[in-house]
Amino acid sequence: MTDADLQGRDRPWRNLYGRRRGKRLKPNQARLLETLLPRLAVRGVSPVDNPDRVPFAPLFPDGRPLWLEVGFGGGEHMVAQAEAHPGVGLIGCEPFVNGVAMALNHIDGAGVENIRLHAGDARDLIELLPEGGLARVFLLYPDPWPKARHVRRRFMSLENLALLARAMAPGAELRVATDIADYADHARAMAAEAPGFARVGRDEAAPWDGWPGTRYEAKALAAGRVPQYMSFERVD
């Protein structure tokens with residue numbers, strides 16, 4: 001039975017991403033998918049493995065703050081955050097296999113041990129997180145789905161913000177970066193409509209303190225697009 005079969009039983013099929021694989025992996029990337037990913041993978045996320053949707057046991061045994069990155073791309077931002085904040089537990093979600101392989105290479109090279117990965121749909125993981133367990137969430141350069149018929153696939157939606165609101169602690173921060181003006185407007189509108197979120201007043205043309213940059217940001221700047229860096233606070 002496939003994930004789609006199980007999801008179709010109790011909720012509509014949800015798809016926020018396109019292809020799952022790109023060009024052929026390099027030998028070292030393929031090796032890390034076989035050896036390192038099983039050590040870092042969050043267990044029991046898939047509806048196939050966990051059809052009763054039993055919540056996770058603590059992912060880190062010491063009760064450290066948890067940060068989540070939705071769609072980590074090649075993992076450069078996630079690994080930089082893990083290096084800069086060794087007392088924080090980072091959870092990264094990414095369905096694109098080539099991105100997961102790139103992130104594993106960064107993790108292996110940096111030697112960080114405070115990252116856990118879900119190579120799939122972030123929403124399946126968010127649903128199983130402890131209530132109020134997240135202290136920070138990153139949504140960086142998400143797929144803008146620019147066509148009108150695809151807007152429902154954008155991660156910034158009332159459904160997904162409701163999932164995050166349950167999983168985020170009061171005062172937790174949702175950071176959203178995009179170089180697409182329409183997506184930025186959409187993100188602000190969704191956060192304004194969704195219960196439990198308030199826009200943080202900041203200079204949205206400036207990155208956050210300690211911002212390491214991403215590959216997607218570099219491409220946007222090279223193409224002359226203007227990134228925006230928005231913050232939303234989880235409020236009661």
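FYI, it's all coordinate maths here, none of it is from the lab. Every value quoted in this text rests on a predicted model; they were computed, and no experiment measured them. All Cβ positions, even for glycine, are placed from backbone atoms using ideal geometry, and neighbour counts span all protein chains on display.
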Notebook entry, point to check: Restricting attention to the stretch 79-100, and to residues there that are in contact (Cβ under 8 Å) with a residue 40 or more places away in the chain and surrounded by 24 or more Cβ atoms within 10 Å (Cβ to Cβ), which single residue is farthest from the chain's Cα centre (by Cα)?
Noted result: Val100
Checklist line | Single residue of Glu83, Glu113, Glu76, Glu69 found to be of a type in the set (D, E, K, R) and farther than 20 Å from Ala135 by Cβ | finding: Glu76
Check: Out of all the residues in the stretch 141-158, which are touching a residue at least 60 places away in the same chain (Cβ under 8 Å) and either in a helix (DSSP H, G or I) or closer than 17 Å to Gly92 by Cβ (or both)?
Finding: Tyr141, Pro142, Asp143, Arg153, Phe155
Next item on the list: Kindly indicate the residue of the stretch 103-125 that is in a loop (DSSP other than H, G, I, E, B) and hydrophobic (A, V, I, L, M, F, W, C) and also farthest from Glu83 (Cα to Cα) among those meeting that condition.
Entry: Ala119
Notebook entry, point to check: Listed residues Tyr183, Tyr141; which is surrounded by 21 or more Cβ atoms within 10 Å (Cβ to Cβ), in contact with an Asp or Glu (Cβ under 8 Å, 6 or more places away or on another chain) and of a type in the set (Ser, Thr, Tyr)?
Noted result: Tyr141
Note to self: Whether any residue in the stretch 126-140 is part of a loop (DSSP other than H, G, I, E, B), within 18 Å of Phe72 (Cβ to Cβ) and of a type in the set (Phe, Trp, Tyr) is what I want to check.
What the structure shows: no
Next item on the list: Search the stretch 190-210 for residues being hydrophobic (A, V, I, L, M, F, W, C) and in a loop (DSSP other than H, G, I, E, B), and hand back the single one that is surrounded by the fewest Cβ atoms within 10 Å (Cβ to Cβ).
Entry: Ala205
